[in-house]
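Every number here is computed from the coordinates shown, using simple stated rules; none is lab data. Computed from a predicted structure; not experimentally measured. Please note: Cβ atoms are built from the backbone with ideal geometry, for glycine as well, and neighbour counts cover all protein chains shown.
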Amino acid sequence: MRRFWRQTAIQKLTTWQLNGFMETHSELIAVIGNTGKTGHRVVDRLQQQGRVVRPLGRSTHIPFDWDEPETWEPALRGVGRAYVTFAPDLALAGAPERVEALARVAAASGVGQIVLLSGRGEPEAELAEQKVTEVLPCTKIVRSSFFMQNFSEGAWAQDVQSGVVALPETSVREPFIDLDDLADIVVHALTERVPTPGLYEVTGPQLLTFAEAIEEIAQTSGRSVEYVPVPLDGFVKAANEGGVPAEIVDLLAYLFGEVMDGRNEHVTNTIESVLGRPARTIGAFAADASRAGVWARGDAA
Ligand SMILES: NC(=O)c1ccc[n+]([C@@H]2O[C@H](COP(=O)([O-])OP(=O)(O)OC[C@H]3O[C@@H](n4cnc5c(N)ncnc54)[C@H](OP(=O)(O)O)[C@@H]3O)[C@@H](O)[C@H]2O)c1
């Protein structure tokens, strides 16, 4: 009997929270960074589910620009929940303050929940998580490991295509994640009937060194791809001389020089426990990317 009353009370609370959220917040979901590696996957999935979505970036119908705060309020007007990806990276100086400022605008505009993309083992990103959560307590953090798609859509796609991936030397293992898994997690968070705060720490299923990851991509795709480990100093010098933007060089130096000290050398089971299926392996990722021709067509970017 006591159990029955407890369950009924929980159901009432849930219904109250649900009604409360639905009454106060619209069903419109904004996706900041709509053309990004995670953003476009999240937009596609939400649209396939028939959700009302507002893609947001510098070129969207309603523009959103991190460098132009006056665009934030119009972009978030009427939005109930928002997926927030900060560009170029949450670990950069000034990022926590900017996402905090955005959260304040979001809260004032009636946004009830932010789902924030974050990086593992990065104190600056954790500060950003904290600041956003202080403003909007219903924030859900998706704290991710390195993306597999960095090799197919991101920084190192052209290197894989050219057959030589030169990176700062490290023997630390990383649990690379497939962004199709990450996007499913984000969509799960954005579409919970009763939005809940919290943290999803997401990784792929295997710990791999960069050498092993690139070897797996080479074997699966049947391409000749060589991993060239470069001392960090030499990497930074070459990147600077090659015209890589200074903040990106600093970011890579920070990631390879500090964050990759073994602190992230463990996998989580978040994908499996939330989605009810195993996380995708780098072999599966490489097979799909290869089939799609991303390294063959000459359009890897
Ligand atoms: N790469 C990784 O392995 C990794 C791992 C963990 C976490 N993260 C986090 O992932 C985030 C980046 O996400 P992503 O890799 O999906 O992004 P991405 O592929 O680099 O795309 C960046 C997105 O942001 C938009 N953008 C760029 N500059 C902008 C500006 N000034 N104002 C508004 N929008 C802007 C771009 O759209 P337009 O150019 O069309 O405006 C694009 O949609 C970072 O915060 C990083 O901390 C990355």
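List of remarks:
- About the Cα centre, charge dipole magnitude for the chain (Lys/Arg +1, Asp/Glu -1 at Cβ), debye: 1680 debye
- All aspartates and glutamates inside 12 Å of Lys131 as judged from Cα atoms, apart from same-chain residues fewer than 8 positions distant: Glu97, Glu100
- Here the calculated FRET efficiency for Ala246 and Glu23, from their Cβ-Cβ distance with R0 = 45 Å, stands at 0.40, rounded to the nearest 0.05.
- Trypsin sites (Lys or Arg not before Pro) restricted to DSSP loop in the stretch 29-77 with at most 11 other C-beta within 10 Å: none
- Sites excluded, GluC sites (Glu not before Pro) in DSSP loops with at most 16 other C-beta within 10 Å, longest stretch of the chain: 28-168
- Projected label points at Asp44 and Glu265, each 7 Å from Cα along the beta carbon direction, are separated by 3.5 nanometres.
- Ignoring aspartates and glutamates fewer than eight residues from Lys237 along the same chain, the ones with Cα atoms less than 19 angstrom from its Cα are Asp159, Glu169, Glu247, Asp250, Glu258.
- Each part reduced to its alpha carbon centroid, the stretch 172-233 and the stretch 75-100 end up 22 Å apart.
- Averaging the sequence gap over all C-alpha pairs within less than 8 Å and six or more residues apart, then dividing by the number of residues, gives the chain a relative contact order of 18 percent.
- Difference of contour (0.36 nm per residue) and Cα-Cα distance, Leu199 to Leu232: 8.7 nm
- Working from label points 7 Å from Cα in the Cα-to-Cβ sense, the Val164 to Ala107 distance is 5.1 nm.
- Think of it as helices only: each DSSP H run of n ≥ 4 in the chain is worth -39500 (n - 2.57), and spread over all residues that comes to -13000 deg cm²/dmol at 222 nm.
- Leading residue at positive end of dipole, the stretch 161-301 (Cβ point charges), from Ser290, Ile214, Ile185: Ser290
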